[in-house]
Amino acid sequence: MGDPKKSRKKYIYGKPRRAWNEDLLREELQLLGEYGLRNKRELWLARALLRRTKERARALLSAPLEEREEAENQFKERLYRQGLINDTSVPLDNVLSLDIRAVLERRLQTLVVRRGLAKSMYQARQMIVHGHVAVAGRRVTSPGFLVSRELEDQISYAPTSPYANAPPATQGEGAR
């Protein structure tokens, strides 16, 4: 189980193999700014999730046709519920072409900004960490929380938040 004080990394594949690749560094820096990530570990965590998803898709593609059909339908249904794909009728090959942006778009921090509850990614992160955002009526304080499709419409201000009772003109304005 492990000591709670000694946390383990969640990105199981480690750091990028070519650490000083200039194109990769620029892309990572651009993604950090665009999605308001705190550090590269958050990006690596999303990449690890995407990598595991693609590995599962490759394993299903290489499986015999009899075993593959049922497992493929369940896999695509799960990806649809997670919001990573838009339709369950897409071929499994399209899962292999998913981008890191598909995972980053499902983060609570991103969806708070897209829904207009915050004006910027950084303000959204602050509001989430300080407990002003709720998903399905429950306060979530993790900006990296991956929101499923069914919970996406239930993102709102927490009932105890001062933003919940504020008039619409002042909503989304953070502490300055």
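The values are calculated or read from the model by the stated rules, or taken from the named source; none is laboratory data. The model shown is predicted, which means the values in this text are computed figures rather than measured ones. Neighbour counts are summed over all protein chains in view; Cβ atoms, including those assigned to glycine, are modelled from backbone coordinates with ideal geometry.
Residue by residue, here is whether (1) closer than 25 Å to Gln154 by Cα; (2) aliphatic (A, V, I, L, M) holds:
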site	(1), (2)
Leu61	no, yes
Leu65	no, yes
Arg68	no, no
Glu77	yes, no
Gln82	yes, no
Ile85	yes, yes
Arg114	yes, no
Lys119	yes, no
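For region 93-110, the candidate set comprises residues that are among the hydrophobic types (A, V, I, L, M, F, W, C) and surrounded by fewer than 17 Cβ atoms within 10 Å (Cβ to Cβ); within that set, the residue that is farthest from Glu150 (Cα to Cα) is Leu96. In the list Leu49, Leu24, Leu32, Leu45, which residue meets the criterion of being closer than 30 Å to Ala124 by Cβ and in contact with a strand residue (DSSP E or B) (Cβ under 9 Å, 6 or more places away or on another chain)? Being closer than 30 Å to Ala124 by Cβ and in contact with a strand residue (DSSP E or B) (Cβ under 9 Å, 6 or more places away or on another chain) holds for just one of Leu49, Leu24, Leu32, Leu45, which is Leu49. Which of the residues belonging to region 63-72 are closer than 11 Å to Leu92 by Cα and either exposed (fewer than 13 other Cβ atoms within 10 Å of the Cβ) or not assigned by TED's automatic domain parsing to the domain that holds Ser89 (or both)? The one that is closer than 11 Å to Leu92 by Cα and either exposed (fewer than 13 other Cβ atoms within 10 Å of the Cβ) or not assigned by TED's automatic domain parsing to the domain that holds Ser89 (or both): Glu69. Only one of the numbered conditions (1) farther than 22 Å from Ser148 by Cβ; (2) touching a residue at least 12 places away in the same chain (Cβ under 8 Å); (3) aliphatic (A, V, I, L, M) is not met by Ala48, and that is (1). Only residues that are closer than 15 Å to Arg38 by Cβ and touching a Phe, Trp or Tyr at 6+ places or on another chain (Cβ under 7 Å) were counted across region 110-139, and they come to 2. In region 95-105, of all residues being touching a helix residue (DSSP H, G or I) at 6+ places or on another chain (Cβ under 7 Å) and without any contact (Cβ under 8 Å) to a residue 60 or more places away in the chain, the one that is nearest to Asn73 (Cα to Cα) corresponds to Val95. Of the numbered conditions (1) surrounded by 13 or more Cβ atoms within 10 Å (Cβ to Cβ); (2) in a helix (DSSP H, G or I); (3) more than 15 Å from the chain's Cα centre (by Cα), Glu55 satisfies every one except a single condition; which is it? Result: Glu55 fails condition (1) only. The set of residues in region 116-130 that are of a type in the set (S, T, N, Q) and touching a residue at least 60 places away in the same chain (Cβ under 8 Å) contains only Ser120. Given the criterion closer than 26 Å to Leu29 by Cβ, in contact with a strand residue (DSSP E or B) (Cβ under 8 Å, 6 or more places away or on another chain) and either touching a residue at least 40 places away in the same chain (Cβ under 8 Å) or buried (at least 18 other Cβ atoms within 10 Å of the Cβ) (or both), identify the matching residue among Val147, Val133, Val113. Within the list Val147, Val133, Val113, the selection yields Val147. When region 52-79 is filtered for residues that are without any contact (Cβ under 8 Å) to a residue 12 or more places away in the chain and over 27 Å from Glu150 (Cα atoms), the ones remaining, listed by number, are Ala59, Ser62, Ala63, Pro64, Leu65, Glu66, Glu67.
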